[in-house]
1. With charges set only on the Cβ (+1 for Lys and Arg, -1 for Asp and Glu), what does the dipole of the range 302-368 come to about its Cα centre, in debye to the nearest 20?
2. Taking only C-alpha pairs under 8 Å that are 6+ residues apart, what is the relative contact order of the chain in percent?
3. Let a ≥ b ≥ c be the square roots of the eigenvalues of the Cα gyration tensor of the chain; is it rounded (a/c under 1.5), or, if not, prolate (a/b larger than b/c) or oblate?
4. Report the residues of the range 376-414 in range of a label on Gln429: point 7 Å along Cα→C-beta, backbone N strictly under 12 Å from it.
5. Near Asp344, within a Cβ-to-Cβ distance under 11 Å, what is the net charge of the other residues, with Lys and Arg +1 and Asp and Glu -1?
6. In nm, to one decimal, how far is the Leu400 label point from the Leu120 one, both placed 7 Å along Cα→Cβ?
7. Please give the Cα centre distance for the range 119-182 versus the range 209-254, rounded to the nearest Å.
8. Please work out the FRET efficiency for the pair His134 and Arg55, using the Cβ-Cβ distance as r and a Förster radius of 41 Å; give the result to the nearest 0.05.
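What follows draws every value from the coordinates through simple rules; no lab data is involved. All figures in this text were calculated on a predicted structure; none of them were measured in a lab. Positions of Cβ are generated from backbone atoms using ideal geometry, with glycine treated the same way; all protein chains shown enter the neighbour counts.
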Amino acid sequence: MHIIIVGAGEVGSYLAEILTDERQDVCVIEQDEHRVRLLDERLDARVLQGTGMSRDLLARAGIDRADLLLAVTQTDEVNLVVAMTADRMHPECRTVARVRDRRFLHGRDTLTAAEYGVDLLLGPEEAVANHVVHLLEYEGPGQIRSVADGKVVLLELPIQPHSALPYATLEELSADLPTTALFVGVLGDTGMRIATPDDRPLVGERLLVLCAPGQVHDVLEMVGSDLHHVKRVLLIGAGNVGLQVAHALQKMKFDVTVVERDRARAHEVATGLNASVVLHGDGTDPSALAERMGDGFDAVVVLVDHDADSLLAGMVAKQQGAKKVIARVDNHDYAPIARQFGIDALISPRRAVANAILRFVRRSHISSTIMLGDHQGELIDFRIDSKSNPSLLEKPVGELKVPDDCLIGVISRGGEILVPARNSAERIQPGDHVFVVALRQAVPKIEEMFG
């Protein structure tokens, strides 16, 4: 697949790394000369300097044979013009434009993606807001993500000293798991690994579990995790992401207090949040935050732009007794530190964009994909139909030759969840959704198997 990425900021360079690692044919267009040099040295991709609004440069990048164009510069209008230009030059090329201004996405007079001549308008802030709300509704430790329209749940559970997890092998623990649950992976300081029966997770690592939605609490009870009901939320940072999160939390009837460092922004936000308290101040200042936590907040959500400030505030909040702590951190190298200090979830608009765009990159038989860790692996939802590989249906799951570093997790069939590891004689059927966990290097192989 030939993919053109216009804009090599955080989002564009991150996507370029992911897609080149997956052996896609990538060309990057970037105006900044310094970024061009860095990418040219680091990536196995063609890098061109200039603006993606130039028809000549798009032609040099291979727009006439491109399968996908991703316009992810810092400017919404530029992204829209680039995507529309690409559509005119090569209508068969799918186009994605990243937009931050909510006016491009919502409102009575807003144009649709099709009216712009774009396949997808992507607002990462809204995706992040929805994810934060989902995390706060979940009463367990770590984080939860729903897939396949809520038919399957992925739990990411921290390994805590007081739980049963670090004192037995996964095979021993599996005996007490609900019948529709399976350990599928472990995230640690050295990366991600596929779960094996003799694996013994360590304190500080995170265990990945797939299960049916109705058995989440059974899984938490089995592993000895505490439940935390969240009502009062302290939200630090009211930028574009923070404001959307505040609106979403208000709508869900959470008791929200917002702290914003910029006085003018705090005043602006206060006029639009009629059901929340908005305060002007530095929510990341450790002493001020410790004092504010005395007001009895159940959860703290830190959404400031600087990773170090966000991480420090999250650590202080956890030390001061917050039951749930969610922090915006774009650099996933901080994840081991965050896990060590008990931060429940790291969120990133950059990763939200990458998740959404990967769905466009994937072939038609993939319904969805979720990045695991810092894209060290993926949870892929394969839809089985008449175009799927016929060999998948010919043998029991236990006899299928699954590539190394992959694991067939669960199968969703109608309203039922099946765990092939508990029944190796089970056969995949047309209409099934098969959920596979794969390490990064194994994604192309498992795609080929299910193609």
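1. Magnitude of the dipole: close to 440 debye.
2. 12 percent
3. Taking the square roots of the gyration eigenvalues as a ≥ b ≥ c, the chain is oblate.
4. 412-414
5. +4
6. 2.4 nm
7. Between the Cα centres of the range 119-182 and the range 209-254 lies a distance of 11 Å.
8. Working: r = 42 Å, r/R0 = 1.02.
For His134 and Arg55, the calculated efficiency is 0.45.
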